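The structure appears below as structure tokens.
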Amino acid sequence: MKTDPLLVLFVLASLSGASLGAATREGPVAAKSTLAPEPALARYRAELNRFRETFGGAQDVPDERFFLFGMGLREKLVYQKGALVKAPSGEIVRRWSVREDFILPADYMVVIRTTDDHEARIIEDEHGVWWVENGVASQIPETGTPVRLPDFAAYPFPAVLRVLHQELLVNVTPRGPVPNFFVYAKPWYRDGAMMAMAFKETGNLDCIRAWIRGLNSAFDRNNAGETEADNLGQVLFLLSLVSDKNHPLVTKVLTEAVPFERTESFGRFLQGRSDFAPHPVYQTKWMKYGLRALDLPDPYTVPPVTDSYSALFWMDYREAHIPGRDADDRDKYPYLGWACDHFHGARKSPISNRDYPLTWEAHASQAHYQGIRPLSETYADRKMAAPHTWHAAEVLLYFLRAIP
């Protein structure tokens, strides 16, 4: 009988009292265990600078040094100021006396050099979150759920794309995909649909499959309880990724759409409120997109009117657009600018001026910014959430869909 080398390593680590008593692992973790942090960080920063020069520059984000671990349905962890803690509870997993440390976002790794000349590394890969000390890699409990982590080598700026992808995956929770898990307790259908588009491209739908299958309402009601008409098409699109038109929520969505229907000489369309304002073009485009995704009859026509949200929908129906003033706030809501850039083929929108995180949102009316205070007093005071998944999804999808 052949002996499994990983089993041998696990037994040896257990007998020697390896940290957390978890299985050891070779392969990608072993390779990253010897990666020199200084040149890796220099390469990443050089790529960030080229990215900013090519697109919309950098937006000032508070200088907070941290890194989030726990992609997909894994325990969420934060490394900050020499400590690895559970998030958002703050329970300490491990603390080091730090001489210097290196956060390497594109490698999903933190390298810690201690005051007694000891080195420790925290590394996340497709199989879990690990810490490496004394040549032993130990997996942190509750982090073993698999994810897929493409290297994006076929695209421009692959290191930046890896970080954007991480900022999406780390905000997947057992309750579903959220814009930022510190300040939003519930998933939003709009943000969730954009995340799902990205996960479809990267092979990570499994991490939100159960959430989508369990949806039972046509609206998320997250914007002060309003029933936002764009949610209807977003739900249909989400269901198409993991189910079919026989899902019980489909009939409910079609019924809920009726009160939003309007008919003019050019045809039938939807008109309601999204973000507290009417956006009939955006809402109708989403509905048509969802109906087509489920191979359902489509009775709607995109209304030939101006709509500041029209350019946010770059996925299809581009010809159904009346030029006007776009909702492209690149300061507080940078995902709006990136979506409009995707639609128009422009390169005006920024990422942050920090190594990590690259994305944010500020002054959102429904965000609970006190939730991020344990991570950053400054974020909370400035009413900012970083990273932010709609922003990350828009940037990533711009590359995956629009840039060869």
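Taken together, the values in this text are just the output of simple stated rules run on the coordinates, not laboratory data. Quick caveat: nothing in here was measured; it's all calculated off a predicted structure. In this analysis, Cβ positions are derived from the backbone assuming ideal geometry, glycine residues included, and neighbour counts consider all displayed protein chains.
Largest mean-square fluctuation among Asp116, Asp326, Asp244, in a Gaussian network model of the chain whose springs join Cα atoms under 10 Å apart, belongs to Asp116. Restricting segment 160-234 to GluC sites (Glu not before Pro) that sit in a DSSP loop and have at most 16 other Cβ atoms within 10 Å of their own Cβ leaves Glu226.
The angle between the Cα long axis of helix 280-293 and the longest principal axis of the Cα atoms of the chain comes to about 70 degrees, rounded to the nearest 10.
Pairing the Cα long axis of helix 158-169 with the longest principal axis of the chain, what angle in degrees results, from 0 to 90 and rounded to the nearest 10? Taking Cα atoms only, the helix is inclined about 80 degrees. Applying a DSSP loop filter and a limit of 15 other Cβ atoms within 10 Å to the GluC sites (Glu not before Pro) in segment 310-404 leaves Glu319. With the charge dipole of the chain set up from +1 on Lys and Arg Cβ and -1 on Asp and Glu Cβ about the Cα centre, the Cα lying farthest toward the positive end among the listed residues Ala40, His118, Leu149 is that of Leu149.
Its Cα centre serving as origin, segment 35-105 has a Cβ charge dipole (Lys and Arg +1, Asp and Glu -1) of approximately 240 debye. Checking every one of the GluC sites (Glu not before Pro) in segment 60-95 against DSSP loop status and a limit of 10 other Cβ atoms within 10 Å picks out Glu91.
Comparing mean-square fluctuations of Ala393, Ala31, Ala327 from a GNM of the chain with C-alpha springs under 10 Å, the top value falls on Ala31.
Given the choices (1) 25.4, 87; (2) 22.4, 78; (3) 20.0, 64, Rg and Dmax of the Cα atoms in Å derived from the coordinates of this structure is entry (2).
Structure remark: mean-square fluctuation, Gaussian network model of the chain, C-alpha springs under 10 Å; the largest value among Thr359, Thr34, Thr145 belongs to Thr34. Straight-line reach from Lys81: taking Cα to Cα under 25 Å and skipping same-chain neighbours fewer than 8 places apart, the lysines in range are Lys32, Lys383. Kindly provide the Kirkwood hydrodynamic radius of segment 212-330 in Å, to one decimal, from all pairs of distinct alpha carbon atoms. About 14.4 Å for segment 212-330. Given Lys76/Lys285; Lys252/Lys332; Lys86/Lys186, which pairs have Cα atoms separated by over 28 Å? With Cα atoms farther than 28 Å apart: Lys76/Lys285; Lys252/Lys332. Neighbour counts of C-beta atoms inside 10 Å place Ser352, Ser89, Ser308 in the sequence Ser89, Ser308, Ser352, starting with the fewest. The phi torsions of segment 178-192, fed into the Karplus equation with coefficients 6.51, -1.76 and 1.60 and a -60° offset, translate into couplings of 10, x, 7, 6, 6, 10, 10, 7, 10, x, 10, 4, 5, 5, x Hz, rounded to whole numbers, with Gly and Pro shown as x. Against the longest alpha carbon principal axis of the chain, how many degrees, from 0 to 90 and to the nearest 10, is the axis of helix 37-54 turned? That helix lies at roughly 20 degrees to the long axis. Any idea how far the Cα center of segment 114-132 sits from the one of segment 253-314, in Å? Comparing the Cα centres of segment 114-132 and segment 253-314, I get a distance of 49 Å.
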